[in-house]
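What follows is one structure encoded as structure tokens, with my remarks underneath.
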Amino acid sequence: MAGSRHFALDLLTAATASDAMAVISEVEATWDVGWKSHGPAQNYGLVYSQSPSPITSFAEPVVNSMDAVLMKRYREEHGETYDPATGLVTADDAVEALLGDEHDESITIIADGEGDYPNFIIKDTGEGQPREHFEERFLQLAAGSQFKEGWPFVQGRFKMGGSAVLPHSEEGLKLIISAAYDQPQQWSWSIVRNNRSEAQYEYLTRGGEIPIFDGEVRGRRTGTFVKVFEYDAGSKSNVTSTFVRDLNRVLIDPAIFVDVRETRDYAGAKSSTLGGIFNRLDQPNLQRHLTFDQTVYADFGEPFGEREVRLILFKSDQEIGSSDDLSKSTKQRLVRPSLHQDGAVFYMVNGQAHARERGSFLTGKRRCQLSYTGRDMLVFVDLSDFADKTKHDLADFVDLFAASRDRLTQKPIADQLRDGVEEAITAFEPLQEEEQRRRQSLVRQEQDEQTTEMLQSLLDRNPNIRRYFDTGDRLRAPGGDTKDPEVEYNSPFLPDEFAIITSITKEEVKTW
């Protein structure tokens, strides 16, 4: 008879959602299976109130893995509860103090499967969860994040969590397998599914308890595996390209870099690194594509105070196109109209985008009115300190960011932030000078194009003139070749004779 370990590993290797459902049917035929509500009963409203974007949603379990790595290292060095005396407030603080430049922690995203969309497995070397806490921390939706309360350098306490991926996964299937860092080889597991008849997501139990087993999982003794089945990330291509590019725009400056691996039979690279937009922008090759990369300081008033705004302006297409050393494709991986539609101004907390403004914030008449430079800009505002209760009320954070983590709210504090960002951008004189320069350059270009069009139209209507231009011959007046070029010609006041001049060509005869 198949055991708990067998079922868990079968689900971990299942190629499609249908294969996973077949394993679940086998489990139900073998065990006394019960299904518990994944949080409150009829929880569709809670799940679907989160981000509608599959990329923003997928960032959540990845961020949870980053949290797990940092919390494990903290517990190993400082104990089970957070001590403010350590001074670890942001994710950057925690990475510097707990990991340093060299460490053996890892987070990996693996794409596999045979369906229309990939299965994604996220595995990490983080703290994992002990059996006594697995159910409450992984499977109780918003309530599960409460154990992170009071840990300012982690993200998972903001109530979104890994359930955001469920609407984008076939059958709402998400498998979780985990063993705590201090309880090696003691694994717990369950799988979440979409029960449409009850309008709720629910998770599997055995006799009312979470299934368990002992041993190693893919060579791991501790950590966590999360698998979502046939995940619709908006693209069926190799995940090391478009998927990584889009995820970099959400995890702008991740605390820990993530390995991304493509195991399906797709053309292109089989591995890539998720390192965020900042990592890409800081590379020398990319810097050569920039007009400037400048951090400006502006006073936003309370509760924001003085704040940094990072302004990135790419060179214009004309400048890049005229250079043998620059590539438009390099620029377009970060700025182009379709990407600006998704976001051009980013509000960050611990390296993750919590809200974005579309490109119209920069180019439109309602805000910055940068018609010529705005289309080539990215703007970043760091609000990580709003996650620190010693500096800001939690109500400020809630009033500022929508639960979907894709936009600011419409409350006064959010409008104040928008106004401050607009002022910081428009007050930067080098940007205004560049806006004027590009405007004038494009006006001259348009004038030149109009002149060219007028000349072309003139030539089209006058084939004789076109022939003269095509041959390159100098135009001569009839009879002019008989004159001595060294003798100055003085025209009489009145002509003393008239001559009939006839021009005969293959096409026509003309007489003057």
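Observations, loosely collected:
- Residue satisfying all of: in the stretch 197-206; at pLDDT below 95 and not charged (D, E, K, R); nearest to the chain's Cα centre (by Cα) among these: Tyr201
- If you go through the stretch 299-335 and keep only what is buried (at least 18 other Cβ atoms within 10 Å of the Cβ), of a type outside the set (Lys, Arg) and assigned to a strand (DSSP E or B), you end up with Val309, Leu311, Ile312, Leu313, Phe314.
- Residue ID - nearest to Val62 (Cα to Cα), chosen from residues in the stretch 83-108 that are touching an Asp or Glu at 6+ places or on another chain (Cβ under 7 Å) and of a type in the set (A, V, I, L, M, F, W, C): Ile107
- Search result, residues across the stretch 250-303 that are of a type in the set (A, V, I, L, M) and farther than 30 Å from Ala15 by Cβ: Ile252, Ala255, Ile277, Leu281, Leu286, Leu290, Val296, Ala298
- Listed by first and then second residue, the pairs linking a residue in the stretch 239-261 that is over 17 Å from Asp101 (Cβ atoms) and without any contact (Cβ under 8 Å) to a residue 60 or more places away in the chain to a residue that is assigned to a strand (DSSP E or B) and open to solvent by less than 40 Å² (accessible area, probe 1.4 Å), with Cβ atoms under 7 Å apart and 6 or more places separating them unless they lie on different chains, are Thr240/Val260; Thr240/Glu262; Thr240/Ser272; Val244/Val260; Val244/Ser272; Val244/Leu274; Asn248/Leu274.
- Among the residues listed as Thr30, Thr90, Thr13, the single one being without any contact (Cβ under 8 Å) to a residue 24 or more places away in the chain and open to solvent by 10 Å² or more (accessible area, probe 1.4 Å): Thr13
Residue-wise test of (1) under 26 Å from the mean Cα position of the chain (by Cα); (2) more than 20 Å from Ser37 (Cβ to Cβ); (3) open to solvent by 10 Å² or more (accessible area, probe 1.4 Å).
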site	(1), (2), (3)
Ile191	no, no, no
Asn195	no, no, yes
Arg221	no, yes, yes
Glu230	yes, yes, yes
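- Flag: Ser57 matches the condition of being modelled with pLDDT of 90 or more and within 24 Å of Lys123 (Cα to Cα).
- The stretch 232-245 - residue that is of a type in the set (Ser, Thr, Tyr) and assigned to a loop (DSSP other than H, G, I, E, B) and, of those, surrounded by the most Cβ atoms within 10 Å (Cβ to Cβ): Thr240
- Filtered residue count, the stretch 246-272, keeping only those that are surrounded by 16 or more Cβ atoms within 10 Å (Cβ to Cβ), among the charged types (D, E, K, R) and under 21 Å from Gly126 (Cα atoms): 2
- The listed residue being small (Gly, Ala, Ser), farther than 18 Å from Phe243 by Cα and at pLDDT 90 or above, out of Gly126, Gly113: Gly126
- Listed by position, the helices (runs of 4 or more DSSP H) inside the stretch 38-151 whose residues that are among the acidic types (Asp, Glu) number at least 3 are 54-78, 131-138.
- Residue that is modelled with the highest pLDDT [pool: residues in the stretch 424-447 that are in contact with a helix residue (DSSP H, G or I) (Cβ under 9 Å, 6 or more places away or on another chain) and more than 30 Å from Arg307 (Cβ to Cβ)]: Ser441
- Residue count, the stretch 174-211 (criterion: charged (D, E, K, R) and either touching a strand residue (DSSP E or B) at 6+ places or on another chain (Cβ under 6 Å) or closer than 19 Å to Ala68 by Cβ (or both)): 3
- Being within 27 Å of Val23 (Cβ to Cβ) and of a type in the set (Gly, Ala, Ser) holds for only one residue in Ala199, Ala255, Ala298, and it is Ala199.
The values are calculated or read from the model by the stated rules, or taken from the named source; none is laboratory data. Keep in mind that what you see is a predicted model, and the values were worked out from it rather than measured. Every residue, glycine among them, receives a Cβ derived from its backbone with ideal geometry; neighbour counts consider all protein chains shown. These area figures cover heavy atoms from the full protein model, side chains too; ligands, DNA and RNA do not enter into them. Shrake-Rupley method; radii C 1.70, N 1.55, O 1.52, S 1.80 Å.
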